[in-house]
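Inspection log for the structure reproduced underneath, given as structure tokens.
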Amino acid sequence: MTGELRSLLSPRLQPPRTVAEWLEVATDGLTSEAARRVRHDYLNHLQDTLAGQPDLTHTDILRRWGSAHTANRELRRTHLTVRDASRLPPRHLSLGGSLWSASAPIAGLTVAALPDLRRGEAVTPFLLSVGILTALALLRWWVLSRPLPPTRRAAAYWLTEPLGGALMAGLVAALWFLHTGTLTPDRLIAWTREPAFWVALSCLSFHIWRLSLAVNASRKLGAETA
């Protein structure tokens, strides 16, 4: 497939011929507010340049600005994109919504502990884990109901998420079992060879990855609103 044919099939591959086209490509994928700010800065720069060099054509300006696709990649690194915006925590979290978000891990914990509870075993760590999840839900609502900088809000939102709470509850349960002797270090080491261990580790890694994305997006938001 020749370059001309690719350009016909995908018009965005064609080099911009006007300032408006260049800015459209350069701001592609940015949020509407971020795109507006970028366009405003570039148009102000254009006016200043033309005021000092009125003989310049738009072609000369576009040649100075360079590739719009390269500019778009650079702008996506420093400005809030639509995908970044989807990773930001909600601006408002109700008490009911926070408690409801903890219901799924509590239900899963109950199902997993049901055989031991029927035998009258592991009641204390189960209640402790449920208490931790409930306390995290209340803490999450209390923290996120206050005005916080974007980065702190994102960190607080994801660190108190039910997934993180479930992982913490599992860690507390494992430490309790080690303390009471129900779980020996040898059995704990042997558990690392089980699929469940790698599932838990994968969940933890996924949780940390989502946290890093949310914090990065909040930093862009903070820089734009500063």
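The values are calculated or read from the model by the stated rules, or taken from the named source; none is laboratory data. Bear in mind that the values here come from a model prediction, so they are computed numbers and not experimental data. When we count neighbours, we look across all protein chains shown, and the Cβ atoms used for this are built from the backbone with ideal geometry, even at glycine. Protein only, heavy atoms only, side chains kept; ligands, DNA and RNA dropped before computing areas. Shrake-Rupley method; radii C 1.70, N 1.55, O 1.52, S 1.80 Å.
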* Rounded if a/c is under 1.5, else prolate if a/b beats b/c, else oblate: with a ≥ b ≥ c from the C-alpha gyration tensor eigenvalues square-rooted, which is segment 19-85? -> prolate
* Loop-resident sites, segment 49-137, for trypsin sites (Lys or Arg not before Pro), counting at most 11 other Cβ within 10 Å (DSSP) -> Arg91, Arg119
* Asked: Which percent of the accessible heavy-atom area of segment 19-85 goes to carbon and sulfur, probe 1.4 angstrom?
  -> 49 percent
* Structure fact -> FRET efficiency for Glu33 and Gln53 from the Cβ-Cβ distance with R0 = 41 Å, rounded to 0.05, comes out at 0.85
* Take the alpha carbon atoms of segment 48-64, find their center, do the same for segment 75-151, and report the distance between the two centers in whole angstrom. => 54 Å
* **Amide hydrogen neighbours beyond the local backbone of Thr81, cut-off 5 Å, H modeled** => Thr31
* Could you tell me which label, among (i) -0.34, -0.63; (ii) -0.28, -0.53; (iii) -0.51, -0.74, carries the value of log10 I(q)/I(0) by the Debye sum over Cα atoms at q = 0.08, 0.11 Å⁻¹ calculated for this structure? => (iii)
* Asked: Per-residue ellipticity at 222 nm for the chain, helices alone: DSSP H runs ≥ 4 residues times -39500 (n - 2.57), over residue total, nearest 500 deg cm²/dmol?
  -> -24000 deg cm²/dmol
* Structure fact -> So the FRET efficiency between Ile208 and Leu95, C-beta based with R0 = 30 Å and rounded to 0.05, is 0.65
* Quick one: if the Förster radius is 45 Å, what FRET efficiency do Glu224 and Ala174 give, using the C-beta to C-beta distance and rounding to 0.05? -> 0.60
* Asked: How much of the accessible area of segment 87-224, in percent, comes from carbon and sulfur atoms when a 1.4 Å probe is used?
  -> 70 percent
* Asked: Fully extended, how many nm does the chain gain between His40 and Leu138 (0.36 nm per residue separation, minus their Cα-Cα distance)?
  -> 31.0 nm
